[in-house]
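The values are calculated or read from the model by the stated rules, or taken from the named source; none is laboratory data. On a predicted model such as this, the values are computed, not experimentally measured, just so you know. Cβ placement follows ideal geometry from the backbone for every residue including glycine, while neighbour counts extend to all protein chains displayed. The protein model used for the area step is the full one, side chains on, heavy atoms only, and it has no ligands, DNA or RNA in it. Shrake-Rupley method; radii C 1.70, N 1.55, O 1.52, S 1.80 Å.
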Amino acid sequence: MAFIDTRKLPEREPKPGWHGRYFGSESMTFAYYAIDGGAPLHEHSHANEEVWNVLSGELEITIAGDTFRAGAGSAAVVPPNTAHSVRALTAST
């Protein structure tokens, strides 16, 4: 699976307001989200590192208690086993 057209992947809504398309490689999982404004993602953690790359809109991302407003062009790296949550301040991708 060397080339993927993410627009052709099936869309799922794992949480209200979070519309995602997913694929994975041997060691990584990728998620492309279209997020409704105001949609939250509860605080959680997991064993893998996670990277958020904001393409449009604005997210409020909290990592280990530090909150950052991430707009288009921003990225946030969540270390493994670190509590984090996200809230879409506007409709975002």
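Given the condition touching a helix residue (DSSP H, G or I) at 6+ places or on another chain (Cβ under 6 Å), assigned to a strand (DSSP E or B) and open to solvent by 40 Å² or more (accessible area, probe 1.4 Å), answer yes or no: does some residue in segment 61-71 qualify?
Taking every residue of segment 61-71 in turn, none turns out to be touching a helix residue (DSSP H, G or I) at 6+ places or on another chain (Cβ under 6 Å), assigned to a strand (DSSP E or B) and open to solvent by 40 Å² or more (accessible area, probe 1.4 Å).
Picking from T90, T82, which residue would you name as being open to solvent by less than 50 Å² (accessible area, probe 1.4 Å) and in a loop (DSSP other than H, G, I, E, B)?
Just one listed residue meets the conditions, T82.
Within segment 29-38, count every residue that is without any contact (Cβ under 8 Å) to a residue 40 or more places away in the chain and in contact with a Ser or Thr (Cβ under 7 Å, 6 or more places away or on another chain).
Adding up the residues that qualify gives 0.
Which of the following residues is under 10 Å from the mean Cα position of the chain (by Cα) and not β-branched (V, I, T): F23, F68, F30, F3?
Exactly one residue qualifies, and that residue is F30.
Out of everything in segment 2-28 that is free of Cβ contacts under 8 Å to residues at least 12 places away in the same chain and in a strand (DSSP E or B), what residue ends up being most open to solvent (accessible area, probe 1.4 Å)?
Per the stated criteria, the residue is R12.
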